[in-house]
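Student: I am attaching a structure below and will ask some questions about it afterwards.
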């Protein structure tokens, strides 16, 4: 791999830029101003307001679930999903080691123990076949519960993450969940606008989490959402995330330990305007991904990562996978591109390598460790290359 | 007490209103729109941005502490204060039963046990003298730690809350903390702009929490802050609330279980504009409180609650205290006023009466139970009565 050739190829797609080309930045080309100004003019900026309701309805409709609950961020959404799934202190929860730190953090908030799973190169996400083989070796199913034979702890749930917007292979994973009595929670923080076999990600799990952080496909400043098709979970998620206050015309009474995870109305207003533009953003991002794919087709030593056959990806963060012999040049390429004003980024440090998770149980993680060395994210904003619709 | 007379008195201060007069609503009469629009125009709406830094600097300067860390809300601020204070699972934490549910909730998030303390009528806050007597009976100090002799658990911290903006009697409370080796954390969620003996609330504790919820003196939509004079705590609070990421030009590595408690830049922009107007808001609120005080001076059966001699209150929520014989008319008064378009509210249901805290340890709570029956909040926005500066 010739790093200069990679840089030139990136520049050929991105075009001339005066400043720094970031990895992902938002576009505010819709009704953001109108909606936010309406919040300020009416005084409804805080946790109760019409944009929160509207954003939740729009999200549920877009993703095809019965209920969406807006919260302060994706981490909070995951935390509440885990609580609702019945994860208790001392349980183990399965998750990919190749993920953002929010996934194991949320598991830790529940007093549960992250249990790390390997990924597959086809999706960059959790490998359901390897997981199945592993669980057949280390677990015992008793009644409706699965136990880790080595640690004696219950394994309650599995949390796949749709890496950079690419859906995990969900059908075989659902089979694993069925066989091992695991609650499926999708960490769909990166996959708004991504589909598996024609159904939106976040519809497959019992519960799912979205994120609208500033670097995501759409943003609310900071924000997230819980998705579910279970009406009872939906009502409870809303209750738990709004301090568990019992409705009354004036009384202040709460019936459980609740959370202040409400998304403020002003952030939801931003979300409504952004969601209206999502189809356009996704189109621009597909065009950009196609241009990258074509441009990198003839570059030796790497490939542009594309969606798997069962998936339609939102191409949240475009990804280059270096061939193994080129992986030693990863840092050189990162230096060169960032030094040239084009932001690129390696994979997150794998979770089992972080000090606070180093002692957590895990399976063989060789594919994730291999991917970690070879993976580079490249600029992915919907506005990159001037394809804004 | 004649409920109609109370209603008439309220109306005489509030003046004619076409609609519903709420308990506390924000005023956006400053640079809110300019700052928020700048965020939208530059694309910096999310968790990194210049308004976050500016808001933190303005808060530190205004409250007189070395370091302020902006977070998503007051509950998150309290949670992080408790972690930094060294509160661990199984510890007990002292707090008033007369508080908002965020205080015991945050203690629960740490796996610690709320231990309820009585209030005093002079401040509506935690009674340091009664606490002192109680601790002398039930605790044993061993080395630098205090233990509950009955439960055997460590008592790590005390979290007074400055009710409706009225500062707790802090000097005697500091003595109690010294004697019983307790870390003082101020729940200053309601007391931005309130002073005790000339020093701003939030300066007295080792750590303190502010809130900028939509109903507070200033609002960021939803938001809060951690205050501290300890630079080490300040740096750690910033690190912990921003996912504990280790700074690096591209690497993603985290060195502890962190939280995604960052205040988005767009909310911080609102906060900067609001904080610029705070002196004006406080002035309006003092004028309103004085007018209430005068108007209610001749009304039988109740009194308007005023700041104690050591305190300057922000008068966040103005408060009527019914005389004991009148307390049976509390609900009648709530019905009449709310039915007449003037929002009033009783005290929060005391925390030890909520199902999730019913089994927690507690001292005699007779003063708080008495206050709960007699207390009513009345409209308190800085714009009420048309005194906006």
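Student: When the residues of region A:79-105 are filtered to those that are within 26 Å of residue A:308 (Cβ to Cβ) and within 12 Å of chain B (Cβ to nearest Cβ), which remaining residue is surrounded by the fewest Cβ atoms within 10 Å (Cβ to Cβ)?
Tutor: Filtering first and then ranking leaves A:100.
Student: Same structure, new question: Of all residues in region B:1-25, how many are within 27 Å of residue A:36 (Cβ to Cβ) and either surrounded by 18 or more Cβ atoms within 10 Å (Cβ to Cβ) or in the same structural domain as residue B:217 (by TED's automatic domain parsing) (or both)?
Tutor: Selection size over region B:1-25: 4.
Student: Among the residues of region B:41-78, write down those that are at pLDDT 95 or above and within 8 Å of chain A (Cβ to nearest Cβ).
Tutor: Selection gives B:72, B:73, B:74, B:75, B:76.
Student: Determine whether region A:366-382 contains at least one residue that is under 30 Å from residue A:280 (Cα atoms) and more than 14 Å from chain B (Cβ to nearest Cβ).
Tutor: Yes, there is a match, as at least one residue in region A:366-382 is under 30 Å from residue A:280 (Cα atoms) and more than 14 Å from chain B (Cβ to nearest Cβ).
Student: Name the residue, out of A:302, A:282, A:317, that is touching a helix residue (DSSP H, G or I) at 6+ places or on another chain (Cβ under 9 Å), touching a residue at least 40 places away in the same chain (Cβ under 8 Å) and more than 14 Å from every other protein chain (Cβ to nearest Cβ).
Tutor: Selected residue: A:302, the only one of A:302, A:282, A:317 that is touching a helix residue (DSSP H, G or I) at 6+ places or on another chain (Cβ under 9 Å), touching a residue at least 40 places away in the same chain (Cβ under 8 Å) and more than 14 Å from every other protein chain (Cβ to nearest Cβ).
Student: Could you grab me the full set of residues in region A:197-219 that are over 22 Å from residue A:82 (Cβ atoms) and over 11 Å from the mean Cα position of the chain (by Cα)?
Tutor: A:197, A:198, A:199, A:214, A:215, A:218, A:219
Student: Give the residue that is farthest from residue A:362 (Cα to Cα), with candidates limited to residues of region A:121-135 that are touching a strand residue (DSSP E or B) at 6+ places or on another chain (Cβ under 9 Å) and surrounded by fewer than 21 Cβ atoms within 10 Å (Cβ to Cβ).
Tutor: A:121
Student: Which residues, taken from region A:244-259, are modelled with pLDDT under 95 and at the interface with chain B (Cβ under 7 Å from one of its Cβ atoms)?
Tutor: Result: A:249, A:250, A:251, A:252.
Student: Quick one: how many residues across region A:322-342 are surrounded by 19 or more Cβ atoms within 10 Å (Cβ to Cβ) and either within 14 Å of residue B:249 (Cβ to Cβ) or within 13 Å of chain B (Cβ to nearest Cβ) (or both)?
Tutor: Residues meeting the conditions: 5.
Student: A further question on this structure: Please verify whether residue A:123 is touching a residue at least 12 places away in the same chain (Cβ under 8 Å) and within 14 Å of chain B (Cβ to nearest Cβ), treating the condition exactly as stated.
Tutor: Spelling it out, it is not the case that residue A:123 is touching a residue at least 12 places away in the same chain (Cβ under 8 Å) and within 14 Å of chain B (Cβ to nearest Cβ).
Student: Hey, another quick one. Counting only residues that are surrounded by 22 or more Cβ atoms within 10 Å (Cβ to Cβ) and at the interface with chain A (Cβ under 7 Å from one of its Cβ atoms), how many does region B:26-40 have?
Tutor: Final tally of qualifying residues: 3.
Student: Can you spot a residue in region B:54-62 that is without any contact (Cβ under 8 Å) to a residue 24 or more places away in the chain, surrounded by fewer than 24 Cβ atoms within 10 Å (Cβ to Cβ) and closer than 21 Å to residue A:28 by Cβ?
Tutor: no
Student: Can you name the number of the only condition in (1) over 24 Å from residue B:25 (Cα atoms); (2) touching a strand residue (DSSP E or B) at 6+ places or on another chain (Cβ under 7 Å) that residue B:150 fails?
Tutor: (2)
Student: For region A:348-365: of the residues being in contact (Cβ under 8 Å) with a residue 40 or more places away in the chain and facing chain B (nearest Cβ under 8 Å), which is surrounded by the fewest Cβ atoms within 10 Å (Cβ to Cβ)?
Tutor: A:356
Student: On to the next question. Go through A:114, A:172 for me and flag whichever is touching a helix residue (DSSP H, G or I) at 6+ places or on another chain (Cβ under 8 Å) and within 21 Å of residue A:90 (Cβ to Cβ).
Tutor: A:114
Student: List the helices (runs of 4 or more DSSP H) inside region A:13-132, counting only whole elements, that have at least 3 residues being more than 25 Å from residue A:207 (Cα to Cα).
Tutor: Because the criterion is at least 3 residues that are more than 25 Å from residue A:207 (Cα to Cα), the helices (runs of 4 or more DSSP H) in region A:13-132 that meet it are A:32-42.
Student: Residues of region B:143-166 being in a loop (DSSP other than H, G, I, E, B) and surrounded by 14 or more Cβ atoms within 10 Å (Cβ to Cβ), which ones?
Tutor: Once the filter is applied, which keeps residues that are in a loop (DSSP other than H, G, I, E, B) and surrounded by 14 or more Cβ atoms within 10 Å (Cβ to Cβ), region B:143-166 yields B:151, B:153, B:159, B:160, B:162, B:166.
The values are calculated or read from the model by the stated rules, or taken from the named source; none is laboratory data. None of the values given here were measured: they were computed from a predicted structure. With ideal geometry, Cβ positions are generated from the backbone for all residues, glycine too; neighbour counts draw on all protein chains shown.
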